[in-house]
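A short reminder: the numbers here are calculations on the coordinates, not readings from a lab. None of these values were measured; they are calculated from a predicted model. Backbone-built Cβ (ideal geometry, glycine too); neighbour counts: all protein chains shown.
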Amino acid sequence: MALLSVIRRWHHRDGIGIRDIARRTGLSRNTVRKYLASQVLEPRYPKRITPTKLDDYEATLTSWLHREAKRHRKNRRSVKQLYRDLIPLGYNGSYDRVAAFAKHWRRQQMELALKADKQAYIPLSFAPGEAFQFDWSEDWALVAGVKTKLQVAHTKLSHSRVFAMRAYLQQTHEMLFDAHEHAFALFGGVPERGIYDNMKTAVDKVVRGKLRQVNKRFEAMASHYLFEAQFCNPASGWEKGQVEKAVRDARHSIWQHAPAFDSLDSLNIWLQERCKQLWFEQAHPEDKQRTLGQCWLEERSHLMPKPVAFDGFIELSKRVSSTCLITFEHNRYSVPASFANRVISLRVYPQQLIIVAEAQVVAEHTRVFTRDHSVQGKTVYNWRHYLAVAQRKPGALRNGAPFNELPDSFQRLQQILLRRPGGDREMVEILALVLLHDERLVERAVEQALISEQPSKQHVLNCLSRLDEAPRPDSLEPPQQLRLRTEPQANTARYDYLRGPGHEH
């Protein structure tokens, strides 16, 4: 640049000719003439283009990158996978060249998509109790000795920035409803608005603009807690940036230092206590002098008191098989035998399944989660559901799978009775007592009968009768006005008089 300035000054100011300038500088006259004619103030050199082994495959790789960009982020192939796919086509270059090309392509696409009007944002401000933001994340923890993939629900108050987290194994409706109930209970109330992305458990269909076809059950939950649901534009995570940042921060402040847990319940208990601890450790981003917890104590009075818990179940219709079982999520659950081959309603809760038929609850089971669908699911029996069938077919008691879960005292009694003729029917009749009496009393009666060397049905009934006998009422103490002056005496000798000669017939 200095030489160009000297050439221009010599020629235009000092009037030196092109030949003399060429002799002084050692440049050719054509070069001097070109500099003076182009009026260039800063010399620029053309960008050097070096041929690479990827040049013949750029069109193919570009089409692949366009295709992968349209897929869901969890289904996209990595650059390393694209590099492996190029090798069979004849590419013999390095992986670094492919990675550099993909990085440059993505930067170009981002520059095309992010125009000046989309790169500018307006800071948001929320009044106390005005809104909360909700989102899901995927994280990992060691639960019951197994590294488990968790679906974590994040709820954050937009004013005080306090947050609540709860871990589940799935992102389904019943989990979503349960997460809101626990978050509102932890916050001490319900804000006016909830800000969500367009998750499938809340939005059935995204219509044009801000219109949404909201899921009926989600709408019922919002109506129960009396808050307005607001949904972001598609692919616009910055509209709920507070909870998006909370998801990122939680991976560093919570999950990286999480201990091992015995169960999911113990994990959620620890998670709630850890969140409350962080409230009073982290400073508010807009008021560094106060913690999140101090701001929450002021915001809590602006929250609407939480109503009773929303009955957040999902109801499904299921047909009971001839073996008195229904199938749900690869697992099977027993149903009372009277509903075999009939349609019942299954109410799905986060940790429980309730079976309803004829407007009554007929069975309840603890929900079982099977993550590996390549193996056979579990079967959850309740032996009481099969008593009606066992009464008609007592021989099934010997090898019936549901009766492997009988209490220990019942199993010991069964081993004794099945050695006798007709013992299987007698055992079924004893088991059927739980349908008429308290099961704990029946079990105690069986334990008392086992003390004898020859327990039987009649022995169990006698023990049960004594245990179930109503206590005798206390003696009455009548007031003084009702006392007899001469109280009757129990004298059985008076009947001997009636046996005398004068009274014989």
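In debye to the nearest 20, how big a dipole does the chain give about its Cα centre with +1 on each Lys and Arg Cβ and -1 on each Asp and Glu Cβ?
That gives the chain a dipole magnitude of about 4120 debye.
³J(HN,Hα) across segment 144-151 via Karplus (A = 6.51, B = -1.76, C = 1.60, θ = phi - 60°), whole Hz, x for Gly/Pro?
6, x, 10, 5, 10, 7, 10, 9
Give Lys205/Lys306; Lys80/Lys103; Lys156/Lys276; Lys156/Lys245 a once-over and call out the pairs whose C-alpha atoms are over 19 Å from each other.
From Lys205/Lys306; Lys80/Lys103; Lys156/Lys276; Lys156/Lys245, over 19 Å: Lys205/Lys306.
What residues qualify as long-range amide H neighbours of Val190, i.e. H under 5 Å apart, gap of 5 or more or another chain, H built at 1.01 Å from N?
Distant-sequence amide H within range of Val190: Met304, Lys306.
Express as a percent, rounded to the nearest 5, the fraction of DSSP beta bridges in segment 131-302 (both residues included) that run antiparallel.
Rounded to the nearest five, the antiparallel share is 75 percent.
Please identify the chymotrypsin sites (Phe, Trp or Tyr not before Pro) of segment 222-321 that satisfy two criteria: DSSP loop assignment and at most 16 other Cβ atoms within 10 Å. Which are they?
Phe280
Can you list which of the GluC sites (Glu not before Pro) found in segment 199-289 are DSSP loop residues with at most 15 other C-beta atoms within 10 Å?
Sparse-neighbourhood loop GluC sites (Glu not before Pro): Glu281, Glu286.
Test of the criteria: in segment 432-499, which GluC sites (Glu not before Pro) are in a DSSP loop and have at most 11 other Cβ atoms within 10 angstrom of their Cβ?
When the GluC sites (Glu not before Pro) of segment 432-499 are filtered for loop state and at most 11 Cβ neighbours within 10 Å, Glu453, Glu469 remain.
Once amide H atoms are placed 1.01 Å from N in the peptide plane, what residues at a sequence separation of 5 or more from Arg212, or on another chain, have their amide H within under 5 Å of its amide H?
It is Val207, by chain and number.
Quick one, which of (1) 28.0; (2) 24.8; (3) 32.0 is the actual Kirkwood radius over Cα pairs in Å calculated for this model?
Derived directly from the coordinates: (3).
Show me, for segment 379-390, the HN-Hα J-couplings you get by feeding each phi into the Karplus relation (A = 6.51, B = -1.76, C = 1.60, θ = phi - 60°), rounded to Hz, glycine and proline as x.
In residue order, the calculated couplings are 10, 9, 9, 10, 4, 5, 5, 9, 5, 4, 6, 5 Hz.
For a quick check: with amide H placed at 1.01 Å from N, whose amide H comes under 5 Å from Thr291's, ignoring anything fewer than 5 positions away on the same chain?
Hits under the 5 Å cutoff: His284.
Please list 3J(HN,Hα) in residue order for segment 90-95, calculated via the Karplus relation 6.51 cos²θ - 1.76 cosθ + 1.60 where θ = phi - 60°; whole Hz, with x for glycine and proline.
After applying 6.51 cos²θ - 1.76 cosθ + 1.60, I find x, 6, 10, x, 8, 5 Hz.
Taking Lys147 as the anchor, which aspartates and glutamates have their alpha carbon closer than 16 Å to its alpha carbon, excluding any fewer than eight residues away along the same chain?
The reachable aspartates and glutamates, counting only those whose Cα sits under 16 Å from Lys147, are Glu138, Asp139, Asp262, Asp265, Asp372.
Any idea which of His72, Val98, Gln108 is furthest toward the positive side of the dipole for segment 55-113, if Lys and Arg beta-carbons carry +1 and Asp and Glu beta-carbons -1?
Toward the positive end, the furthest listed residue is His72.
Do you know the relative contact order of segment 349-505, to the nearest whole percent, from alpha carbon pairs under 8 angstrom that are 6+ apart?
12
Excluding same-chain residues fewer than 8 positions from Lys318, which lysines have a Cα within less than 25 Å of its Cα?
Leaving aside lysines fewer than 8 places away in the same chain, those within reach of Lys318 are Lys200, Lys216, Lys378.
Could you order peptides 191-199, 457-465, 481-489, 418-426 by the average number of other Cβ atoms within 10 Å of their residues, highest first?
So the order, starting with the most tightly packed, is 191-199, 457-465, 418-426, 481-489.
Summing Lys, Arg as +1 and Asp, Glu as -1, what charge do residues with Cβ under 15 Å from the Cβ of Gln415 carry, Gln415 excluded?
Local net charge: -1.
Using Cα-Cα distances under 8 Å and only pairs 6 or more residues apart, what relative contact order does the chain have, in percent?
Computed value for the chain: 9 percent relative contact order.
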